[in-house]
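Taking it in order: structure first as C-alpha cells, then the write-up.
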Amino acid sequence: MALLIALAVGLGMIVLLALWFFAIYNGLVRLRQEVKNSWAQIDVQLKRRHDLIPNLVETVKGYAGHEKTTLEEVVKARAAAVSAQGVDARGAAERGLSGALGRLMLIVEQYPDLKANQNFLALQEELTSTENKIGFSRQYYNDSVMQYNTRIQVVPANVVAGMCQFRSETFFEIEDQAERAVPQVKF
Amino acid sequence: MWEAIRSNRRRSWWLIAIMGVLLVCLGTAIGLVVAYPHGGLPGAGIALLVWLVLWLIAVSQGENILLSLAKARRIERADAPQLWNVVEEMTIASGLKSMPKVYIIDDNAPNAFAVGRRPERAALAVTAGLLKRLNRDELQGVIAHEIGHIHNLDVRFMTIASVMVGSIVLIADGFLRALWYGGGGRRSRSSSRGGGYAQLIILGVAVLLAILAPLCAQLLYFACSRRREYLADASAARFTRYPPGLAAALEKISRRAGQTKSTNRAVAPLYVVNPLQAKAKFNLFSTHPPTEQRVRILRSMGGRAGYADYEAAYREVHGGKRGCIGAATLESGDSVAARAATPEPAAKQQAVERAREVTDLLDRIANLILIPCLCGVRIKVPPNLKRDTVACPRCGRAHAVPRVEAATAKPGQAPRAMRYARKGGGWESFKCSCGHGIQLSPAFSAPYLDCPKCRCRIEIVGSGSSS
C-alpha cells in the first residue's frame, strides 16, 4: 500500500515536472517567434525604403540634376543595401544608406522650388514615416531580443534553453542616436 | 518588461472582484428584505442576471454605439496620410498584431479616443481640430497614448467595470425607489409574519448598502480610470521614446478640450483629456488625472523614456513612495533613452522666427514688459499694470511683475548671480542655488529668468538658436 502511494506520488511529480517543462518550452518558442516576427517587420520597412528611393532620386533630379555625386551615392548605397545578407552586414549597409539620404536631404535644403513641389512633399512625408517605422520596428525587435535573451539566461528557463538549443539573438543597430538626428543647417 | 503591466492588471482585477462582491451583497440584502428568510439566494441571482444582461448589450454593441455617439467617420490612407502613417508607426512600436481602424470626428476642439475590447478589432478616433493643431511629434504622442490603451487592454477592463457600476447603480436605485413609494406597507406586513429584530437589522443593512454601494463602486471605477490614464501615458512615452511630444499635446488639448461639441457623458472618460472636466481640479470623481500633473510627470522624465523612468518621475512629482505602475517595473529596471525631436519643416520655422522678430519690435515700441516663463511663453505686460503678479496663460505659474523703480531702489539686496549654460535645444532641467528644480523648454529663448522660489536671477547662456 505504502509502495503504491509512493509510486503514485512519484508518478504525479514526474507528470508535474513534464508539464512545467512544456510550459517553459512553449514560452520560449513564443518569445523566439516574436523575435522572428519583429525581424520580418524591419525587413518590410527596409524594403519600403528601398522602393521609395528611385522615385525620390527622379524627383530631385528634375530640380537639382547637377548634384550628380550625391545622387549617385544614394543609388549606390541603395544597391548595396538591397544585396546585403545577414544581420551585421545589413546593419552596415543600411547605415551607409541612411548617411547618403541624410546628405541628399541637406542638399535639398538649397532648392526652394523642390521643397515646394507637392510630389516631393508627399515623398518626404513617406520617407520620414518609413524612417520612423524602421526605427520603431528596430526598437520593438531589440525589445523582443532583450526579453528573449534575458529569458533564456535566467533560472529555470536556462536549463530548458540549454537542453533544446535556444541560442541568443543579436541586436540590430542601424546607427547611434547622434548619427540618427538629422543634421541642422545654420547660417 | 511587458510583465511590468501585469501587476497593475492584477490590481485592477481585484477592484473588479470587490465590485462583484458588492453587487452580490446588495442583491442578497435586498432579497432578504423582500422575502425573509429565503430571499437571499434568489436576490443575488437576480443581481447577477441584471449584470449579465447589461454585459451582453455592452459586448454586442459597445464600439459602434460609442463611435456613432461621437459622430466619427471612418477614413482611409488617402484622406489623412500623416495620421495614417503615425498610427502605423505606433502599431509597429507597440507590437500590436493589426492596425486599429482610424476615424475622424468633425470637431474643431482637439481630442482623441480609442475603443475596442479586443486589440484586433480596436478603433481610434481623432478630431479634425487635433490634426490641425498638433505637429508630428505631438500627434505621435497622442496616438501612442491611445494605442497604449488598446495595448494594455484598458477598453475591455473599463467596459467590464462600467457594466458592474451600472448594474449596482440600477439595482440600488430601484430598491430605494420601491422602498420610498411602497415600503411602509410591505414592512408592516412582513413584521406581522414575525421576523422580529433580525428583519429590521437586515432592512437597515440593505438601505445602507443601497446608498453606499453605488458610491463605492463609482469611486473604485474612477480610481481605476485615472490609474490607467497614467499607465497609458507611460506606454506612450515608451513607444515614442519622446515624452515631451505627448506633454505638449496634452497642454494644447486641455486648453481647448472644453469646446468639444459632440461629447456625451458616456464617451467622455474615453478621450485622451476628458472634455467635460478639462478645466476641473482633481477630485475623487474625476475620470482623468489632472492634465497639469500628467504634463509635469512627462516633463520630469529627464531624457529617459522607459516604464521605470515614468515610475521614478511619478514618484518625484507626487513626492511619495507609491508608484503608479507597480513594483515589478522598478525591479526589472526598464529604462531606455529618449530620442531627439523631429525637426519642423525649415520654411515653417523661419516664418515663425520672422513673425516673432516683428512682434518683438512692436512690443519694444509700446514699452511692454516681457516676462519669460519657464514653459517657453513670453508674457507681455503693459507698463502701467497695477497688479503685482501675473499668471502665465499656458502653465499657470505666477510671476512677479518687475518694477523698474523697485529694482534700482534696493541695491543692497542684490541676488546671488547664477549662470546656467544650455546644453542643447531640448528640454533641460537644473537646480537653482536655493535647491529649487527648474525646467527649461526648448522654446525658451530669453537671456535670463527669475527662480520662482528664491527670486534670484539666473542668467541663461546659449539659449535660443537665433542669437
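Read-outs throughout are calculated quantities, based only on the coordinates presented, and are distinct from any laboratory measurement. Everything numeric here is computed off the predicted structure, so don't read it as measured data. A quick note on method: Cβ atoms are made from the backbone with ideal geometry, for glycine too, and the neighbour counts reach across all protein chains shown.
Couple of notes before you dig in:
- Overall, the stretch A:19-180 carries a charge dipole of about 540 debye about its Cα centre when +1 sits on the Cβ of Lys and Arg and -1 on the Cβ of Asp and Glu, all other atoms neutral.
- Translational diffusion of the stretch A:19-180 was estimated from the Stokes-Einstein equation, with Rh taken as the Kirkwood radius over Cα pairs; at 20 °C and 1.002 mPa s the coefficient is 121 µm²/s.
- Protection proxy ranking, peptides B:158-169, A:28-39, average beta carbon neighbours within 10 Å, highest first: B:158-169, A:28-39
- Taking amide H as placed 1.01 Å from N in the peptide plane, the amide H of B:I369 sits under 5 Å from that of B:V381, each at least 5 places away or on another chain.
- Average other protein chain Cβ within 10 Å of Cβ, residues A:133-140: 6
- Residues B:H399, B:H149 in ascending order of nearby Cβ atoms (within 10 Å, fewest first): B:H399, B:H149.
- Per-residue ³J(HN,Hα) for the stretch B:43-48, Karplus 6.51 cos²θ - 1.76 cosθ + 1.60, θ = phi - 60°, Hz, x for Gly and Pro: x, 4, x, 5, 4, 5
- Cβ-Cβ FRET estimate between A:A8 and B:R118, R0 fixed at 41 Å, reported to 0.05: 0.45
- With neighbours defined as other Cβ atoms within 10 Å of a residue's Cβ, the residues B:Y197, B:Y230, A:Y111, B:Y310 order from fewest to most as B:Y197, A:Y111, B:Y230, B:Y310.
- Dipole magnitude of the stretch A:10-78, debye to nearest 20 (Cβ charges: Lys/Arg +1, Asp/Glu -1, about Cα centre): 120 debye
- In order through the stretch B:203-218: 3J(HN,Hα) via Karplus (6.51 cos²θ - 1.76 cosθ + 1.60), integer Hz, x for Gly, Pro: 4, x, 4, 5, 5, 4, 4, 5, 7, 7, 4, x, 5, 4, 4, 5
- Kirkwood Rh (inverse of mean 1/r, distinct Cα pairs), the stretch B:44-158, angstrom: 14.9 Å
- Peptide B:83-94 - average C-beta neighbours from other chains (10 Å radius): 5
- Sequence-distant residues sharing a close amide H with A:T170 (under 5 Å, placed H): none
- Considering only A:A93, A:V35, A:V154, the residue lying farthest towards the positive end of the dipole of the stretch A:19-180 is A:V154, judged by Cα position with unit charges set on Cβ.
- Flagged links, alpha-carbon separation over 32 Å, of B:K71/B:K380; B:K380/B:K423; A:K61/B:K101; A:K36/B:K423: B:K71/B:K380; A:K61/B:K101; A:K36/B:K423
- Our coupling estimate for the stretch A:150-159, obtained by passing each phi through the Karplus curve with A = 6.51, B = -1.76, C = 1.60 and θ = phi - 60°, is 5, 4, 7, 9, 8, 5, x, 5, 5, 5 Hz, Gly and Pro reported as x.
- Choice from A:I134, A:I14, A:I53 with maximal GNM fluctuation in chain A (Cα, 10 Å cutoff): A:I14
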